[in-house]
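Below is one structure, written out as structure tokens, with a few remarks after it.
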Amino acid sequence: MMNGKKALIAGSTGLIGSELLQFLIHAKEYEKVFALVRRPLDINHPKLIEIIVDYSRLEEYARYFAVDDVFVCLGTTIKKAKTQEAMYKVDVEYPVKIGRLAKEKGATHYLLVSSMNANPKSRIFYSRMKGELEEKIQRLSFEYLSIFRPSLLLGNRQEFRLGEEFAAVLSKGLRFIFVGPLRKYTAIQGKTVAKAMYNTAQHKQPQKIIYHSQEIQKIGT
Ligand SMILES: NC(=O)c1ccc[n+]([C@@H]2O[C@H](COP(=O)([O-])OP(=O)(O)OC[C@H]3O[C@@H](n4cnc5c(N)ncnc54)[C@H](OP(=O)(O)O)[C@@H]3O)[C@@H](O)[C@H]2O)c1
């Protein structure tokens with residue numbers, strides 16, 4: 001399709017990102033999809049432009065950031081990152097750097113995966129980190145900003161995360177008691193989050209920024 005939009009995606013090898021990448025390359029609205037990756041993707045598609053980057057030197061790839069919509073699904077775990085500083089780099093510094101470069105190149109919409117309970121004043125490191133991430137991205141003043149705050153993610157992951165497996169089983173089994181104010185804790189499929197992000201990019205709402213898990217569920221179903 002000519003004159004379609006351009007998208008940039010970071011985190012396209014992850015649970016949400018890999019589903020989102022599929023939506024983007026198969027969507028009629030996009031003519032080009034730039035994927036920032038650390039390793040080759042093993043996906044061939046005429047719209048897909050894979051960019052193998054060193055995340056500590058993102059400015060060297062600035063020429064690829066001239067897109068319409070920016071999708072950021074990056075994130076790590078303390079187990080993988082080892083230190084809070086290393087985790088903060090992946091979860092906050094890289095998304096902010098991507099945002100800054102894309103804004104400079106004229107991108108208009110930034111769509112971010114954050115997390116339920118994101119709060120810059122939280123005493124829990126993870127929630128505080130996500131809260132700080134959201135604040136920093138808001139300060140970039142994109143014309144459109146959409147922040148997704150999913151609850152526990154479900155889906156097929158290569159790596160086994162004991163805590164999440166346990167919580168997912170609990171959440172599935174106990175779904176019937178997640179009612180009323182507890183409903184927001186119901187786990188959500190990574191694919192549903194991905195679909196919600198794609199849909200939101202096609203139906204822009206200037207005043208709407210934060211999407212909680214229950215809304216994500218509706219938009220992505
Ligand atoms: N898990 C949950 O239940 C849950 C709940 C709410 C919110 N979240 C948040 O949702 C977001 C997406 O989660 P997900 O489960 O889809 O993520 P995921 O499957 O763990 O994927 C993470 C992505 O980040 C990339 N990444 C990790 N470390 C990196 C590094 N050092 N440098 C560059 N890229 C790196 C990975 O690339 P590689 O393949 O190259 O490693 C991958 O593409 C995360 O921010 C997470 O905190 C998760």
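Looking only at the range 1-15, filter to residues that are under 16 Å from the mean Cα position of the chain (by Cα) and over 14 Å from Ala201 (Cβ atoms); which one of those is surrounded by the most Cβ atoms within 10 Å (Cβ to Cβ)? Write out each step before concluding.
Step one: filter the range 1-15 for residues under 16 Å from the mean Cα position of the chain (by Cα), giving 7-15.
Now narrow it down to the ones that are over 14 Å from Ala201 (Cβ atoms): 10-15.
Working: Ala10: 25, Gly11: 24, Ser12: 27, Thr13: 17, Gly14: 21, Leu15: 23.
Here the answer is Ser12.
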- Task: Please enumerate the residues belonging to the range 143-155 that are under 19 Å from Thr192 (Cα atoms) and either within 13 Å of the ligand (Cβ to nearest atom) or surrounded by fewer than 18 Cβ atoms within 10 Å (Cβ to Cβ) (or both).
- Result: Ile147, Phe148, Arg149, Pro150, Ser151, Leu152, Leu153, Leu154, Gly155
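Can you find a residue that is surrounded by 13 or more Cβ atoms within 10 Å (Cβ to Cβ), within 15 Å of the ligand (Cβ to nearest atom), hydrophobic (A, V, I, L, M, F, W, C) and under 14 Å from Ile9 (Cβ atoms) anywhere in the range 112-129?
Within the range 112-129, one or more residues are surrounded by 13 or more Cβ atoms within 10 Å (Cβ to Cβ), within 15 Å of the ligand (Cβ to nearest atom), hydrophobic (A, V, I, L, M, F, W, C) and under 14 Å from Ile9 (Cβ atoms).
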- Message: Restricting to the range 88-111, and then to whatever is among the hydrophobic types (A, V, I, L, M, F, W, C) and more than 9 Å from the ligand (Cβ to nearest atom), can you tell me which residue is nearest to Glu215 (Cα to Cα)?
- Response: Leu111
- Counting only strands (runs of 3 or more DSSP E) entirely within the range 8-76, those with at least 1 residues that are within 18 Å of Leu111 (Cα to Cα) and within 8 Å of the ligand (Cβ to nearest atom) are 30-37
- Task: Report yes if Asp54 is free of Cβ contacts under 8 Å to residues at least 24 places away in the same chain, out of contact with any helix residue (DSSP H, G or I) (no Cβ under 7 Å at 6 or more places or on another chain) and within 22 Å of Ile137 (Cα to Cα), otherwise no.
- Result: yes
- Note on the structure: Condition set modelled with pLDDT of 70 or more, surrounded by 10 or more Cβ atoms within 10 Å (Cβ to Cβ) and farther than 24 Å from Glu19 by Cα, scope the range 171-190, selection nearest to the chain's Cα centre (by Cα): answer is Arg183
- Any hit, the range 134-142, residues being among the small types (Gly, Ala, Ser), within 12 Å of the ligand (Cβ to nearest atom), assigned to a loop (DSSP other than H, G, I, E, B) and in contact with a Lys or Arg (Cβ under 8 Å, 6 or more places away or on another chain): no
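The values are calculated or read from the model by the stated rules, or taken from the named source; none is laboratory data. Model, not experiment: these values are computed from the prediction. Positions of Cβ are generated from backbone atoms using ideal geometry, with glycine treated the same way; all protein chains shown enter the neighbour counts.
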